[in-house]
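Worksheet: one structure, shown below.
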2 protein chains.
Amino acid sequence: MLYVRAILNVKPDQRETLLEAAKPCIEATLKEPGCLEYELHTSLSDPNRLVFLEVWESAEHLEPHGKSDHMKAFGKVAAGCLAGPPRIEYITPAKVDVK
Amino acid sequence: MLYVRAILNVKPDQRETLLEAAKPCIEATLKEPGCLEYELHTSLSDPNRLVFLEVWESAEHLEPHGKSDHMKAFGKVAAGCLAGPPRIEYITPAKVDVK
C-alpha cells in the first residue's frame with residue numbers, strides 16, 4: 001500500500017482553472033489499476049491550499065500514473081496555476097490502524 | 001512520526017455547526033506538543049466529506065490529544081453532526097519520500 005499527499009498552493013486567480021483541469025484527470029485516474037483513492041480536497045483555513053489524497057495498492061501501481069496522458073494534460077495546466085512547486089509525500093506504511 | 005487521516009461524513013444541514021466547533025479545537029491542537037500538522041479539509045467532489053490531516057512527532061505525542069478539553073468539547077458537537085462513525089487512519093510510516 002502507498003499513501004500519497006500531494007499538496008498544491010494555487011494562485012488565487014487560477015484556482016478555478018486548476019479545479020476544472022483536475023476533473024478529467026481524477027476521473028481517469030480512478031480507473032487506473034491499483035488506484036484505491038484519488039480525491040482532491042481544499043483546506044478550510046486556506047482555500048488556496050489543495051491536497052490530493054491518494055491510496056495505491058503499491059508503488060508499482062502508481063508508476064504509470066505520472067506518464068499517463070491525463071496526468072500530463074493536467075500537469076501542463078497546473079504548471080501555470082501554482083504559486084510554487086507542489087509538495088508530494090509518498091508514505092510507505094509500516095502499520096495502518098483504523099478506528 | 002505518525003500520519004493521521006480522520007475522515008468525517010457530515011450531515012449536510014450540520015456542516016456549518018461542525019466547522020464552527022472545529023475552529024477552537026484546531027487552534028488549541030496546533031499548540032499541543034508534537035503536533036506538526038492539524039488541518040481540516042473538505043473534498044471537492046463531496047462537500048460533506050471532511051478530512052482532518054494530521055502529523056504528529058510520535059504516537060505518544062498524540063496520546064493526550066484525545067483526552068484534551070478542546071477535543072472533548074469538539075467531540076460532543078461532532079457526535080450530533082456526523083452521518084456515520086468517523087474513519088480514523090493512523091499511519092506509522094516505514095518510509096516517507098518527499099518530491
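Throughout, read-outs are computed from the coordinates displayed, never taken from laboratory work. The structure displayed is predicted, hence computed values, not measured ones. Ideal geometry is used to build each Cβ from the backbone, glycine not excepted, and the neighbour counts take in all protein chains shown.
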Coordinate range along principal axes, alpha carbons of the protein assembly as shown, Å, largest first | 49, 36, 30
Tell me what chain A gives for mean residue ellipticity at 222 nm when only DSSP H runs of n ≥ 4 count, each as -39,500 (n - 2.57), the sum divided by the residue total, rounded to 500 deg cm²/dmol.
-> -9000 deg cm²/dmol
Between the DSSP loop rule and a limit of at most 16 other Cβ atoms within 10 Å, which GluC sites (Glu not before Pro) in chain B are left?
-> B:GLU57
With +1 on each Lys and Arg Cβ and -1 on each Asp and Glu Cβ, and nothing else charged, work out how big the dipole of segment A:2-91 is about its Cα centre, in Debye to the nearest 20.
-> 340 debye
Contact order relative to length of chain A, as percent, for alpha carbon pairs under 8 angstrom and 6 or more apart = 46 percent
Cα-based radius of gyration of segment B:1-51 once divided by 2.2 N^0.38 Å, which approximates compact folds | 1.22
On full extension of the chain, what length is gained from A:ASN48 through A:LEU82, given 0.36 nm per residue of separation minus the C-alpha to C-alpha distance?
-> 11.3 nm
P(r) histogram, all alpha-carbon pairs of chain B included - 5 Å bins from 0, percent | 2, 13, 23, 26, 18, 11, 5, 2, 0
Taking only the alpha carbons of segment B:42-99, the radius of gyration and the largest Cα-Cα distance, Dmax, both in angstrom, are 14.2, 40
Among the listed pairs A:LYS11/A:LYS31; A:LYS72/A:LYS99; A:LYS23/B:LYS67; A:LYS95/B:LYS76, which are separated by more than 32 Å between their Cα atoms?
-> A:LYS72/A:LYS99; A:LYS23/B:LYS67
So which trypsin sites (Lys or Arg not before Pro) in segment A:1-87 pass both tests, a DSSP loop state and at most 14 other Cβ atoms within 10 Å of the Cβ?
-> A:LYS31
Using a 7 Å Cα-to-Cβ projection, B:LYS72 label spacings across copies, nm, ascending = 5.8
